[in-house]
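All of the numbers you see were taken from the coordinates with simple rules; none came from a lab. Quick caveat: nothing in here was measured; it's all calculated off a predicted structure. Backbone-built Cβ (ideal geometry, glycine too); neighbour counts: all protein chains shown.
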Amino acid sequence: MLFSLNNLPYWIFLGMGILLFFFMIIYGGGGEDFDIDADVDVDADVDADSNHELGFGQFLGWAGIGKAPLILLLATDLSLWGVLGWMLNVWIGGVSNNIGSFIGSIILFVSLIISLLLGGLIAQPIGKIFAEFGEDVSSDRLIGCIGIVTSAYIPTQNQGRIGQVDVLDAKRNLLTISAVLPDWGTVAPQRGEKVLIIEHQAQIYVVIAKDSHDEEHWLTNSSRRD
């Protein structure tokens, strides 16, 4: 029963889902643009159908449309459809010893619905894992970001010590970085204060106090160089 022809469609669904997962790993399929548009569309559909017990927009929301990248959602749904359909086929086939076309159609439909609902629930957390494969790993991506000081204070470069800063990158990943003030810095940010990342050097970042005289000085010099 494991390799019966009745299970062939589900093996195909599972294979397509796995291939899409590999595609996302290799090419970093983020689908961020789709997420923004889909969120708006689904929200609009749900509002339009708010007076109905079960609207099409609500079903799209349950299925995860607009809550996760489309490619990831499709890969998850196909994989689940293949696994669940195969399991139901094997289980029912073992009980009845025969699966007719009618029972086979019911299994196909039921496994599809369950896969869509489960896929909508788990696609978003899986997307956070796969986002690491397409993440920009260049250190310069943090320049211009604002962080929060987590050490007692941020020392200057010439002191031979470093401080620590928590910062969110463009993908909203929380990072802890080593940081120092430039030699010309006059304001030493204390724990809990905001800093602006202005430069990356070797294994440390150069930061200045946010909304301070140092920031004005840096912005003035930057505009002159431009």
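Worth a mention:
- Between GLN203 and ILE146, the distance separating the two model label sites (each 7 Å from Cα on the Cα→Cβ line) works out to 3.0 nm.
- Virtual paramagnetic centre 7 Å along Cα→Cβ of ILE25, amide N under 16 Å, in region 71-99: 72, 75-76, 79
- Applying both filters, DSSP loop and at most 15 other Cβ atoms within 10 Å, to the chymotrypsin sites (Phe, Trp or Tyr not before Pro) of region 148-207 gives TRP184.
- Listed values for region 158-170 are Karplus-derived 3J(HN,Hα) couplings in whole Hz (6.51 cos²θ - 1.76 cosθ + 1.60, θ = phi - 60°), namely 6, 8, x, 10, 10, x, 10, 9, 9, 9, 9, 7, 5, and x replaces Gly and Pro.
- Taking amide H positions as modeled 1.01 Å from N, with prolines and chain starts lacking one, the residues under 5 Å from ASP169 and 5 or more places away or on another chain are LEU175.
- Spin-label zone in region 139-157 - amide nitrogen under 17 Å from a point set 7 Å from the Cα of GLN164 along the C-beta vector: 147-155
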